[in-house]
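Following: one structure in structure tokens, then a few remarks.
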Amino acid sequence: MSGVDLHIHSTASDGKLSPETLVSKAAELGLKVIALTDHDSVDGITPALEAVKNFPELRLIPGVEISTDLADGEAHVLGYFIDYTSRELGAALERFRNSRQGRARGMVSKLGAMGIDIDWQRVQEIAGDGSIGRPHIARAMLEKGYIATFEEAFDKYIGHGGLAYVEREKMTPEEAVELILRSRGLPVLAHPFTVNNPESMIKKLKAVGLVGVEVYYKDNTAEQTESTLGLAERYGLIATGGTDYHGIGDSNEVMLGGVEVPLEAAERLIAMAGKQALKQANQ
Ligand code: AMP
Ligand code: ZN
Ligand code: FE
Ligand code: FE
């Protein structure tokens, strides 16, 4: 069991557990550093920071995960230590969340046209106050027995290029990196194998300020971890990692802290964030 998990979702987006529950669970598991990285939302950070005060052994890094669509895949950019009170960030994330609503509605209506009758109201209910996403649609499909597993929803219908797939608002991964930098955050490319050519993406994003790449990830094969570690070294990036935990609780899910991530990854992020803060204070 690793002591570090830098990729976690809560009810502020499409995770099932509240920020508070995640924090106590991480503490129970004996984790040392976690990062809350909800999709297009920083709403979980304040309650998580409040909850972590009860566990002096545990450190919480405020984060976010911004998704962008590519012609041939998706690129997700994690932002660590973002200023979650930033107005610009708040406004941008709000815009993304609104567009998520339109996108999810579009997918529900495409499903409807195919005879898969999902109630939009129910999808909203499942999402609650959280930033709406495809897992909420998948859960509604599962409930009504249209699919047998979560995977099936993505493979057939709502995954990239699926029958009911709708693209998200146009934003480039470079723009996501730049938004994170303007919000005083540290941009890191998440799970690089959702893009066709991880190296060219890393090179492109490094040029605009990427500081890390997610090397240790629940879906990686040993070869993928190895090759991403090589890329991190070649491009001078911090090798981060995490479980992308959503608290779904099915048998396929990797438990919080269940991916071995070196403590050094967290230490390097913390040191870099400290240096940036110092630079700003001296400006
Ligand atoms: P969205 O934010 O609407 O683009 O949905 C992205 C989320 O869907 C990811 O964070 C994953 O939790 C989930 N997801 C994406 N692809 C799959 C898949 N093939 N199987 C299960 N869950 C997936
Ligand atoms: Zn998610
Ligand atoms: Fe992601
Ligand atoms: Fe994620």
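The values are calculated or read from the model by the stated rules, or taken from the named source; none is laboratory data. This one's a predicted model, so the numbers in the text were calculated from it and none came from an experiment. Neighbour counts are summed over all protein chains in view; Cβ atoms, including those assigned to glycine, are modelled from backbone coordinates with ideal geometry.
Inside segment 144-177, can you point out the residues that are hydrophobic (A, V, I, L, M, F, W, C) and either in contact (Cβ under 8 Å) with a residue 40 or more places away in the chain or part of a loop (DSSP other than H, G, I, E, B) (or both)? Walk me through it before giving the result.
To start, the set of residues in segment 144-177 that are hydrophobic (A, V, I, L, M, F, W, C) comprises 147-148, 150, 153-154, 158, 163-164, 166, 171, 176-177.
Passing the criteria: I147, A148, F150, I158, L163, A164, V166, M171, A176, V177.
Please verify whether segment 164-183 includes one or more residues that are out of contact with any strand residue (DSSP E or B) (no Cβ under 7 Å at 6 or more places or on another chain), β-branched (V, I, T) and under 25 Å from I34 (Cβ atoms).
no
Just wondering, is there one or more residues in segment 227-242 that are in contact with a Lys or Arg (Cβ under 9 Å, 6 or more places away or on another chain), modelled with pLDDT of 95 or more and within 13 Å of ligand 1 (Cβ to nearest atom)?
yes
Between V77, V33, which is under 17 Å from P192 (Cα atoms) and β-branched (V, I, T)? First the steps, then the outcome.
Values: V33 fails: under 17 Å from P192 (Cα atoms).
On inspection, the qualifying residue turns out to be V77.
Collect the residues in segment 3-30 that are surrounded by fewer than 22 Cβ atoms within 10 Å (Cβ to Cβ) and not acidic (D, E), keeping them in residue-number order. Can you show your working first?
Taking segment 3-30 and keeping what is surrounded by fewer than 22 Cβ atoms within 10 Å (Cβ to Cβ), we get 3, 16-18, 20-21, 24-25, 27-30.
Once the filter is applied, which keeps residues that are surrounded by fewer than 22 Cβ atoms within 10 Å (Cβ to Cβ) and not acidic (D, E), segment 3-30 yields G3, K16, L17, S18, T21, S24, K25, A27, L29, G30.
Mind counting the residues in segment 39-85 that are free of Cβ contacts under 8 Å to residues at least 60 places away in the same chain, within 16 Å of ligand 4 (Cβ to nearest atom) and not in a strand (DSSP E or B)?
4
Quick check, is A164 more than 16 Å from ligand 3 (Cβ to nearest atom), under 18 Å from the mean Cα position of the chain (by Cα) and surrounded by 15 or more Cβ atoms within 10 Å (Cβ to Cβ)? Spell out how you get there, then give the answer.
Values: more than 16 Å from ligand 3 (Cβ to nearest atom): yes; under 18 Å from the mean Cα position of the chain (by Cα): no; surrounded by 15 or more Cβ atoms within 10 Å (Cβ to Cβ): yes.
Here the answer is no, as A164 does not meet what is asked.
Could you pull out every one of the strands (runs of 3 or more DSSP E) wholly within segment 182-283 that has 1 or more residues that are within 30 Å of A140 (Cβ to Cβ)? Can you show your working first?
Details: elements: 186-189, 212-217, 238-242.
Filter on segment 182-283 gives 212-217, 238-242.
On the basis of being within 16 Å of the chain's Cα centre (by Cα), of a type in the set (D, E) and either within 16 Å of ligand 4 (Cβ to nearest atom) or over 30 Å from Q280 (Cα atoms) (or both), does E169 make the cut? Outline the logic, then answer.
Working: within 16 Å of the chain's Cα centre (by Cα): no; of a type in the set (D, E): yes; either within 16 Å of ligand 4 (Cβ to nearest atom) or over 30 Å from Q280 (Cα atoms) (or both): yes.
Judged against the criteria, E169 is not a match.
Looking at (1) buried (at least 23 other Cβ atoms within 10 Å of the Cβ); (2) away from ligand 1 (no atom under 14 Å from the Cβ); (3) among the acidic types (D, E), which one does D43 not meet, given that it meets all the others?
That leaves (1) as the condition not met.
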